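> Shown below is the structure under consideration.
Values quoted throughout were computed directly from the atomic coordinates according to the rules given, and no laboratory measurement underlies them. Note that the coordinates shown come from a computational prediction; the quantities given were computed from them, not determined experimentally. No Cβ is skipped: glycine too gets one built from the backbone with ideal geometry, and neighbour counts run over all protein chains shown.
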Amino acid sequence: MSVPLIKYFETFSAPLIGLPVTHYWLGHESTLFIEFGALTIEGRRSQPRGRMTLQLQWDWRLEGRRTILCGRTTDAAISARSLRLLKSGVVRSVGLVGYMKELEVFLTNDLRLQSFSCSRGDPQWCLLDNRERPTLYKCLGARSLGLVAQTFTRTPDKTVTEEFIR
């Protein structure tokens, strides 16, 4: 991985280190949303938002010390029991794995979350920095063997910027 890519990822993900998992929920097609840090409610949203959010689409798994606890296709009852363990964890480290830039998150309770895609295209994960919401939205994800950073401003002109990092 290139130095600019690694540096950008480390800078963007650094605020996640030390934050507790405060909420999680499953969205459309078992997309896993994990909220970190203090929660806020925006408008009529049904789910609270943390200071940072991890969105894992398509394929993901939660690992314990010696086994996979659950993943996107696991039975709902088993997933519910396993995902509850997230709330006792604090982020210990965050990293990129492999050629395709999959995401892994290690928690202090010896759990590991990992994105992995088995489908054609790019890995489907997104790390959102919500600390300046509702006026500024920041998002980082994988694209074309690199990273894509997006910033959205909630101003009258609704500025959107996108930067590709290799």
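> For ILE78, ILE165, what's the fewest-to-most ordering of other Cβ within 10 Å of each Cβ?
So the ranking, lowest neighbour count to highest, is ILE78, ILE165.
> Then there's this: Positive end of the dipole of the chain, charges at C-beta (+1 Lys, Arg; -1 Asp, Glu), about the Cα centre: which of LEU140, TRP60, TYR8 has its Cα farthest in that direction?
The residue sitting farthest along the positive end of the dipole is TRP60.
> Continuing with this model, one more query. In cubic angstrom, how much convex hull volume per residue do the alpha carbon atoms of the chain span?
Hull volume normalised by residue count: 122 Å³.
> Counting only helical runs of four or more DSSP H residues, what would the 222 nm mean residue ellipticity of the chain come to if each run contributes -39,500 (n - 2.57) and the total is spread over all its residues?
Dividing the helical sum by the residues of the chain leaves -3500 deg cm²/dmol.
> How high is the FRET efficiency between LEU26 and ILE68 when r is their beta carbon distance and R₀ equals 22 Å, given to the nearest 0.05?
The formula returns an efficiency of 0.80 here.
> List every residue whose amide H lies under 5 Å from the amide H of MET52, counting only residues 5 or more places away in sequence or on a different chain, with H placed 1.01 Å from N in the peptide plane.
Counting only residues 5 or more places away or on other chains, the set is PHE36, ASN130.
> Using amide H atoms built in the peptide plane, which far-off residues or other-chain residues are under 5 Å from CYS70 H to H?
LEU62
> Distance from the Cα centre of segment 1-78 to that of segment 105-127, in angstrom?
Their Cα centres are 8 Å away from one another.
> Still on this structure: Within segment 81-142, list the chymotrypsin sites (Phe, Trp or Tyr not before Pro) lying in a DSSP loop whose Cβ has at most 15 other Cβ atoms in a 10 Å radius.
Counting only loop positions with at most 15 other Cβ atoms within 10 Å, the chymotrypsin sites (Phe, Trp or Tyr not before Pro) in segment 81-142 are TYR99.
> Determine the gain in length on full extension of the stretch ARG84-ALA14; use 0.36 nm per residue of separation and subtract their C-alpha separation, reporting nm with one decimal.
22.8 nm
> Apply the Karplus parameterisation 6.51 cos²θ - 1.76 cosθ + 1.60, with θ equal to phi minus 60°, to every residue of segment 115-123 and state each ³J(HN,Hα) to the nearest whole Hz, in sequence, with x for glycine and proline.
Residue by residue, segment 115-123 yields 7, 7, 10, 10, 10, 4, x, 8, x Hz.
> Of all trypsin sites (Lys or Arg not before Pro) in segment 101-145, which ones are in loop regions per DSSP and have a Cβ with at most 15 other Cβ atoms within 10 Å?
When the trypsin sites (Lys or Arg not before Pro) of segment 101-145 are filtered for loop state and at most 15 Cβ neighbours within 10 Å, ARG120, ARG131 remain.
> Given a Förster radius of 35 Å and the C-beta distance between LYS7 and ALA38 as r, what FRET efficiency does 1/(1 + (r/R0)^6) yield to the nearest 0.05?
For R0 = 35 Å, the calculated efficiency reads 0.80.
> Checking the cross-link filter: which lysines have an alpha carbon closer than 23 Å to that of LYS158, excluding same-chain neighbours under 8 positions apart?
Answer for LYS158, where 23 Å is the Cα cut-off: LYS138, listed by chain and number.
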